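What follows is one structure encoded as structure tokens, with my remarks underneath.
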Amino acid sequence: MKKNYTKSSENTEVLNVFSWDSVQMEMKLKLGNDIYESWIKKIQFISEYNDYILISVSTRFIRDWITSRYLDQILKIAKSFKKNLNRIEFIVKDTNTKSLRSEEENNSNNSNVSFIEDSFLQYNRMDPNKKFENFIIGNSNKIAFESSKKVSEELAHYNPLYVYSGVGMGKTHLLNSIGLSLKSKFKVMFISAERFMYQFVRSIKLNEMVKFKDCFRNTDVFIIDDIQFMNGKEAMQEEFFHTFNALIDKGSQIIISADRPPNKLSRIQERIRSRFAGGLVIDIQKADYDLRLKIIKSKCDEHEMLYPDELKIPDSIKKFVSLEIKTSIRELTGALNRINSFIKVYNKIPNLSEVKIILKDLLNVSENIVTIDQIQSEVCKFFKISKNEMLSARRSRYLVRPRQVAIFLSKLLTSKSLPEIGREFSNRDHTTVIHSVKMIEKLRSEDSELNSNIDTLKNKILYNKENEI
Ligand code: ADP
Ligand code: MG
């Protein structure tokens, strides 16, 4: 992606540079991978101004779609990185769009090539790793698993099958498993509601409604993920309703997932909701400790099979993670991935305080309030100098470095402003604070001993209880 950060030098805080990449990452976390891949990734960042940012996309269609659905959220997230932002401006830039344009034109001119089939192939890809065989069963998901199995053994036994739960609990995994197990025998369509809407709008635009209808109505198994994203557009809901009925009439199997039960889908027409509720509606509950541990163990076994030479995660860590990460299975496996990356990078098993740092944002530990006084004490102890020496005006080398480290950590670990930090170091000026922070940042990348000392100090300050468990 093109990065072209225009510096608004007077306003940009030295340590707080606006980063479009971070905004995009946040959007990915918030809206999920599907929406990210379909829309957000396509946005190019152009430049940053005092109170707005300029971004671009390649077509008016994409611009309108993003504006009507995601712009509020993009603004909100961007604001968290740049407080005085009050709007986002969009331009439609042609430069990279030649191929895309001509592709669209070709498709609409050449009736042998259906864009729906193209994107059908593109978006109907099932994940070969999400199958029944590696779906671990516990009290909270047993019924959902069994119903999904039943559907894939006997079409239209439950029709539709409607599975709901909070995020990251295994809905997509189950739907994908059904698709995988049926795709050799039947015509399977596996699509997110988001994509379905996109195809619909695009078909209207390109006068391809007949193809759209055929494509969806010809399937034996129609799997639609995250139906809660379907909203607005009467005409589209109308079309969906008819597709749905046509499929049920011809005995095709429909499987739907959502983040809530049918009667809570407030943006979807009542008659569609009641059709959803007419089959089997089941939910996946939060996983209990036993299931979490079983999942962790199974994922570790898989990993060990793939990488037999890597160090193995000990039981104590598996138990700790299963005990602490309760929100969702996605977070659970995410936690495991982070630990595996740590092992790969450092070639050692993290101890418990390291695990806590790696998973800090996922753990429900009460936020340690770190004070500058505490930082100064730890740093003095570490470098064996007195606090008076640290706060004095003396500039001997053995004092300057620890002082800079303490200032650096104060900026990193507290929310104090630069002048506030300066005041706590015998009224030093905020430019001294900036200088210290920059100096340590620079030295850290050159001096591995200093770098590791800083990490040790950081751990000490954040987690005093180093030897717990
Ligand atoms: P949802 O669609 O409900 O948001 P996903 O199906 O995407 O959740 O699940 C999130 C992650 O957790 C996926 O990597 C999935 O493979 C994994 N997962 C969820 N449930 C299980 C389970 N019972 N056994 C093994 N892995 C699971
Ligand atoms: Mg999902």
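Structure notes:
- Taking 21 Å as the limit for the C-alpha separation, the pairs Lys171/Lys326; Lys149/Lys171; Lys28/Lys438 exceed it in the case of Lys28/Lys438.
- Degrees separating the helix 448-462 axis from the principal Cα axis of the chain, which is the longest one: 80 degrees
- Alpha-carbon geometry of segment 168-323: the Rg and the Dmax are 19.7, 60 Å, given in that order.
- Each eigenvalue of the Cα gyration tensor of segment 376-469, multiplied by 5 and square-rooted, gives one semi-axis; in descending order these are 21, 15, 14 Å.
- Compactness relative to 2.2 N^0.38 Å, alpha carbon Rg of segment 326-447: 1.29
- Antiparallel bridge percentage (DSSP; both residues within the chain; nearest 5): 15 percent
- Magnitude of the charge dipole for the chain, about its Cα centre and with charges confined to Cβ atoms of Lys, Arg (+1) and Asp, Glu (-1), is about 860 debye.
- Excluding exposed DSSP-loop GluC sites (Glu not before Pro) (at most 14 other C-beta within 10 Å), longest clean stretch of the chain: 155-309
- Dipole-positive endmost among His303, Ile268, Leu323 within segment 259-324 (Cβ charges, Cα centre): Ile268
- In segment 155-211, trypsin sites (Lys or Arg not before Pro) in a DSSP loop with at most 13 other beta-carbon atoms within 10 Å: Lys185, Lys187
- The chain: relative contact order in percent, alpha carbon pairs under 8 Å with at least 6 residues between: 11 percent
- Since only Ile53, Ser181, Tyr398 are under comparison, the one whose Cα sits farthest along the positive direction of the charge dipole of the chain, derived from C-beta charges on Lys, Arg, Asp and Glu, is Tyr398.
- Helix axis angle, 397-413 relative to the chain longest principal axis, alpha carbon, degrees: 30 degrees
- Segment 268-370 shape via C-alpha gyration tensor axes, a/c threshold 1.5: prolate
- The mean accessible area for residues of the chain, using a 1.4 Å probe and ignoring ligands and nucleic acids, is 52 Å² per residue.
- Estimated FRET transfer efficiency when R0 is 30 angstrom, pair Asp51-Asp259 (beta carbons, to 0.05): 0.30
- Over all Cα atoms in the chain, the spread is summed up by Rg and Dmax: 27.3, 86 Å.
- Among the listed pairs Lys297/Lys458; Lys286/Lys318; Lys30/Lys150; Lys42/Lys348, those beyond 28 Å (Cα-Cα): Lys297/Lys458; Lys30/Lys150; Lys42/Lys348
- In degrees, nearest ten, helix 430-446 long axis to first principal axis of the chain (Cα): 70 degrees
- Overall shape: prolate for segment 253-317, with the ratio a/c of the largest to smallest alpha carbon gyration tensor axis at 1.5 or above and a/b above b/c.
- Extension gain (nm, one decimal) between Val345 and Glu420, 0.36 nm per residue minus Cα-Cα: 23.4 nm
- Rolling a 1.4 Å probe over the protein heavy atoms leaves Met439 with an accessible area of roughly 60 Å².
- Mean residue ellipticity at 222 nm, helices only, the chain: -17000 deg cm²/dmol; runs of at least 4 DSSP H residues each add -39,500 (n - 2.57), and the sum is divided by the number of residues.
- FRET efficiency for Leu323 and Ser377, using Cβ-Cβ distance with R0 set to 30 Å, rounded to 0.05: 0.40
The values are calculated or read from the model by the stated rules, or taken from the named source; none is laboratory data. Because the structure is predicted, anything quoted here is derived from the model rather than measured. Neighbour counts run over all protein chains shown; Cβ positions are idealised from the backbone, glycine included. Just the protein is used for accessible areas: all its heavy atoms, side chains included, with ligands, DNA and RNA removed. Shrake-Rupley method; radii C 1.70, N 1.55, O 1.52, S 1.80 Å.
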